Structure formats: structure tokens, C-alpha cells
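**Student:** Below is a structure I'd like to ask you about.
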Amino acid sequence: MPNLRVNFAGLELRNPLVVASAGITETVERMKRYEEEGAAAVVMKSYFEEKICRKAPTPRFKIIRHGSGRFQTFAFYSYEQASEWDLKRYAREVEKAKAKLNIKIIPSINCVSKKGWLTAAKTLEKAGADAIELNTSCPHGSITFSGGAVEQNIVDTVRPVRDAVSLPLIAKISPMLTDPFALVKALEETGMDGVTIFNRQTGLDIDVEEEAPVMHRAYAGFGGPWAIHYPLRWISQIRPQTSLDIAGSGGVWNAEDVVKYLLAGADVVQVCTAIYLRGYGLIRKLLDGLAKFMTEKGYGSVDDFKGNAVPKILTTEQVDRRKRFAAEITPACNACGLCARLCTYDAIKRAGKRYTVVATRCVGCGFCVEICPNSAITLVSRRRRK
Ligand SMILES: Cc1cc2nc3c(=O)[nH]c(=O)nc-3n(C[C@H](O)[C@H](O)[C@H](O)COP(=O)(O)O)c2cc1C
């Protein structure tokens with residue numbers, strides 16, 4: 001069994017799996033499930049200073065399916081803003097969690113006044129929190145951190161919190177920024193210990209019959225497995241240039257996704273939507289899958305492969321642009337003709353009962369390989385083809 005232990009923002013963790021802030025981490029009872037399933041830490045559902053956010057509307061969840069046939073995706077669309085508790089009650093839950101659980105307990109806060117941030121941070125430090133996540137990125141209705149000066153606003157907000165408490169602080173940032181890298185560098189200077197990259201985005205879906213926003217007629221948070229690529233990109237870019245520890249967050253669906261975040265340079269990986277949709281038992285599957293990957297690759301610790309993909313990312317100038325491949329249709333083709341209909345280059349023609357590639361037209365883009373319903377097309381080396 002490989003050693004999964006990691007260090008994140010000064011916390012010794014039994015593995016890199018952290019349950020992200022949401023209703024699934026609101027109470028000790030719910031947090032206990034994650035401890036039992038093997039998670040190393042939980043970020044609690046956010047406490048909000050703004051009282052109105054503590055009462056979530058119903059319904060709160062919608063799974064919006066999109067696309068058709070083989071080309072389908074979904075968005076987990078939700079309006080669930082804050083913990084329903086005031087600070088005193090929230091702090092009691094932190095105390096209870098610390099008394100009953102052994103995993104790391106990380107409360108999350110989102111405030112609207114400087115006094116609110118400082119009071120919340122100091123209260124939760126006193127309650128025994130292992131660290132605090134500063135939620136500067138809530139995607140819902142009242143969007144505290146928005147507008148032209150959003151990044152400066154975030155820095156100005158978290159700096160006094162840093163000065164007020166001594167426990168580890170993790171800033172959770174939004175993907176809706178002009179320059180996540182610049183923000184992380186500025187956060188580093190405030191003395192943060194870690195950064196969570198990213199929260200969800202703010203979105204809108206419209207009921208075309210009603211000609212109005214779905215569910216509760218407001219903007220809402222949305223995400224899903226498809227959301228993984230954007231945080232992976234930024235983490236890989238930021239990792240070599242920051243001393244902050246990074247929690248990767250967004251789009252984790254299976255163990256491979258956990259491995260991807262670590263390969264991109266994240267120190268820990270947060271998971272939320274997949275737990276809502278697949279159940280808390282998923283934690284164990286993610287950990288087993290991570291351990292299996294490490295065993296098969298011969299890695300003794302997470303550090304052995306963390307960030308391994310980063311030096312392999314090429315610049316625009318370095319990308320190999322030679323025309324190396326051409327499509328080839330195999331006998332598995334059932335002559336449905338989809339490739340010929342969709343080929344941008346008009347490079348696939350019917351020849352009797354079969355389809356064939358016109359080599360002079362095929363640029364080797366690989367699109368037909370991706371869309372063939374029968375997996376009957378492959379890319380071969382142009383040299384071999386000649
Ligand atoms: C229903 C729901 C509620 C959430 N509530 C919070 C919250 O209170 N505080 C917070 O910082 N993030 C919140 N998030 C964001 C998650 O913690 C996480 O960062 C985000 O969903 C991306 O990860 P995922 O793709 O694994 O869901 C919430 C997400 C969902 C789906």
C-alpha cells in the first residue's frame with residue numbers, strides 16, 4: 001500500500017482527499033461519514049455574515065441535461081448559499097466536530113464587513129478549527145466579490161484576517177477572474193497558507209415556455225465533471241510560480257480526476273458535486289483508485305508524481321505542427337456515413353458499399369476518429385500509409 005500522506009497548508013493529512021464546502025459538510029453527522037470513508041479533511045458549509053443568505057430557497061437543485069445521443073453533458077445547477085446557522089451556533093458545530101472526529105475540520109466563512117471577517121475568523125479559531133477557508137468566491141445572488149476591482153477587493157479582505165488569527169488560512173477563489181495567477185501571487189504576499197482553485201461559476205438557465213430563469217428566478221451556481229479542465233490549466237500554470245499550497249477543486253468525478261489534479265501540481269484535491277450525485281461512498285473509491293494508480297506506477301508517495309505533467313506542457317512555439325497522420329477506415333466500418341457527412345475537409349467518400357479516405361484531402365485532424373459510433377477509424381502515420 002503506497003503512503004498517501006500529504007502536508008497541506010501546514011496540516012498533516014492522511015491522504016490528499018478533502019471534501020469541499022457544501023450542504024454535504026454542514027453537520028458533524030455528515031462530516032463523520034467522510035471520516036469513516038477515509039477522507040483526510042472536510043471544509044464545512046460556509047458561514048455567511050449576510051443573514052438573508054442563511055435561508056436557502058426550495059427547491060435548491062436542478063440537473064440540467066444538454067445535448068443529445070452520444071453528445072450529452074449535464075450541469076449540476078444549485079442555489080444553496082450558506083449554512084443556516086449564526087456564528088455562535090456554527091462555532092458550536094466546529095467544537096463538536098473537533099471533539100468527535102479525528103479528521104481535519106476546516107470551517108469556511110464569507111462576510112460582508114471587515115468586522116464580520118475578523119469576528120468570524122477569531123471565533124472559529126477559538127472553537128478549535130484546524131484551518132479556515134476564506135470563501136471569496138460564492139457564485140450566488142449577492143455576489144460580494146465582483147466588479148472591476150474584484151482581485152484587489154479580495155486581497156484587501158483577506159489581509160486583515162491574516163493579521164488577526166494564527167491558524168492556517170486558505171483563500172478559495174473564483175474562476176471568474178481576469179487573472180487568477182496575479183491574484184494567487186498577491187494572496188501569497190498576504191501570508192495565506194493555501195489557495196483553493198476554484199469555486200463554481202455563476203450561471204443562468206432559462207425556461208423557454210415561461211421565458212424566465214429556471215427554479216427560483218435568480219442566477220445560480222453551476223458545475224459538473226466538464227468543469228475540470230479550467231482549474232487544471234490554471235493550477236499547472238500557477239504551481240511552479242507560487243509557494244502557496246494548492247487545493248484543486250472542480251469537476252472531480254472519479255479517481256483518474258484526482259490523479260490529474262495531483263499531476264497538475266495540486267497538493268490536495270477537493271470533491272463536492274460527485275459526492276452529491278454518487279454518494280459519500282465515492283470517497284473510498286477515489287482513494288482506492290489513487291492507491292492503485294500509485295502501486296501500478298511504483299510510486300511510494302504522492303510527492304513522487306505530484307506536478308509531473310507540468311514540465312511536459314509545451315508553449316505555442318514548441319507544439320509539433322507537422323502533418324503526421326491520416327485517417328484510415330477499418331473493416332469494423334458499418335457504412336453509416338456519419339464521418340463523410342461531418343468531415344470538414346470533405347476527405348471521406350463512399351466507394352461502393354464502403355467508405356474510404358481521400359489521402360490528398362485528409363489533414364489528419366482526428367475528428368472522424370472521435371465521432372465514429374463504431375470506433376472503426378484510426379489515425380495512422382502518413383509515412384506508413386504511403
Ligand atoms: C450544492 C453546492 C453547495 C456549495 N456550497 C458552497 C459553500 O457553501 N461554500 C463554498 O465555498 N463552496 C460551496 N460550493 C462549491 C464547492 O465547494 C466546490 O468548490 C465546487 O462545487 C467545485 O467542486 P465540484 O466540481 O467537485 O463540485 C458548493 C457547491 C455545491 C454543488
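**Student:** Using Cα springs under 10 Å in a Gaussian network model of the chain, which residue among ARG159, ARG354, ARG70 shows the largest mean-square fluctuation?
**Tutor:** Looking only at ARG159, ARG354, ARG70, the biggest GNM fluctuation is shown by ARG354.
**Student:** Which whole-number percent is the relative contact order of the chain (Cα, under 8 Å, 6+ apart)?
**Tutor:** After rounding, I find 15 percent.
**Student:** Bin width 10 Å, alpha-carbon pairs only: give the P(r) of region 250-386 as whole percents, running from 0 to the bin holding the largest distance.
**Tutor:** 11, 26, 18, 27, 16, 1
**Student:** Going highest first, how would you order 198-210, 265-277, 37-49 by mean Cβ packing within 10 Å?
**Tutor:** Highest to lowest by the protection proxy: 37-49, 265-277, 198-210.
**Student:** Grab the Cα-Cα distance for THR356 and ASN334, subtract it from 0.36 nm times how many residues apart they are, and report the gain in nm with one decimal. Provide the component values of the computation, followed by the final result.
**Tutor:** Values: separation 22, 0.36 × 22 = 7.92 nm, distance 1.21 nm.
Residue separation times 0.36 nm, minus the Cα-Cα distance, leaves 6.7 nm.
**Student:** Further question on the same structure: Once the cut-off is 17 Å, how many percent of the Cα-Cα pairs in region 177-235 end up in the long-distance tail?
**Tutor:** More than 17 Å apart: 56 percent of the Cα pairs in region 177-235.
**Student:** Using the alpha carbon gyration tensor of region 263-333, what are the three equivalent-ellipsoid semi-axes (square root of 5 times each eigenvalue), largest first, in whole Å?
**Tutor:** 32, 22, 15
**Student:** Take the Cα gyration tensor of region 128-219, multiply each eigenvalue by 5, square-root it, and list the three semi-axes largest first, rounded to whole angstrom.
**Tutor:** The answer is 31, 14, 10 Å, longest axis first.
**Student:** Looking only at Cα atoms, what is the convex hull volume of region 75-138 per residue, in Å³?
**Tutor:** It is 106 Å³ per residue.
**Student:** In the P(r) worked out for region 50-96, what percent of Cα pairs fall beyond 17 Å?
**Tutor:** On the way: 597 of 1081 pairs.
Across region 50-96, Cα pairs with separations above 17 Å total 55 percent.
**Student:** Can you work out the base-10 log of I(q)/I(0) for region 324-386 at q = 0.28 1/Å, using the Debye formula on its C-alpha atoms alone?
**Tutor:** So the normalised log intensities work out to -1.34.
**Student:** Choose one answer from GLY281, GLY23, GLY194: the residue with the largest mean-square fluctuation in a GNM of the chain with alpha-carbon springs under 10 Å.
**Tutor:** Of the options given, GLY281 has the highest mean-square fluctuation.
**Student:** Determine the equivalent ellipsoid of region 232-284 by diagonalising the alpha-carbon gyration tensor, then write out the semi-axes as square roots of 5 times the eigenvalues, largest first, rounded to whole Å.
**Tutor:** 23, 9, 9
**Student:** Quick one: plug the Kirkwood hydrodynamic radius of region 189-319 (C-alpha pairs) into Stokes-Einstein at 37 °C, 0.692 mPa s, and report D in µm²/s.
**Tutor:** Details: Rh = 16.5 Å.
Result for D is 199 µm²/s.
**Student:** Picking from ALA120, ALA359, ALA97, which is most flexible by a Gaussian network model of the chain using Cα springs under 10 Å?
**Tutor:** Result: ALA359 has the largest fluctuation of those listed.
**Student:** Could you tell me the ratio Rg/Rh of region 22-87? Both radii from Cα atoms, Rh via Kirkwood.
**Tutor:** Values: Rg = 15.5 Å, Rh = 14.1 Å.
Expressed as Rg/Rh, it is 1.11.
**Student:** Turning to a different aspect of this structure: In whole Å, what is the distance between the alpha-carbon centres of region 71-136 and region 291-307?
**Tutor:** Computed from Cα coordinates, the inter-centre distance equals 32 Å.
**Student:** Something else about it: Suppose we keep just the alpha-carbon trace of the chain; what are its Rg and Dmax in angstrom?
**Tutor:** Rg then Dmax for the chain, in Å: 23.9, 79.
**Student:** Further question: Gain in length, LYS88 to ARG382, computed as 0.36 nm per residue apart minus the alpha-carbon separation, to one decimal in nm?
**Tutor:** The LYS88-ARG382 span can extend by a further 99.0 nm.
**Student:** For GLN152 and LYS115, what does the FRET efficiency come to when R0 = 22 Å and r is the distance between their Cβ atoms, rounded to the nearest 0.05?
**Tutor:** 0.65
**Student:** Right, here's the next one. Would you list, by chain and number, the lysines whose Cα falls below 25 Å from the Cα of LYS98, excluding same-chain residues fewer than 8 positions away?
**Tutor:** Within the straight-line limit of under 25 Å, LYS98 reaches these lysines: LYS32, LYS45, LYS88, LYS122, LYS126, LYS172.
**Student:** Across the Cα atoms of region 58-169, what radius of gyration and what greatest pairwise Cα-Cα distance (Dmax) are found, in Å?
**Tutor:** 17.4, 54
Every number in this text was worked out from the coordinates using simple rules, so none of it is lab data. No experiment lies behind these values; they were computed from the predicted model shown. Here the Cβ is made from the backbone with ideal geometry for all residues, glycine too, and neighbour counts use every protein chain on show.
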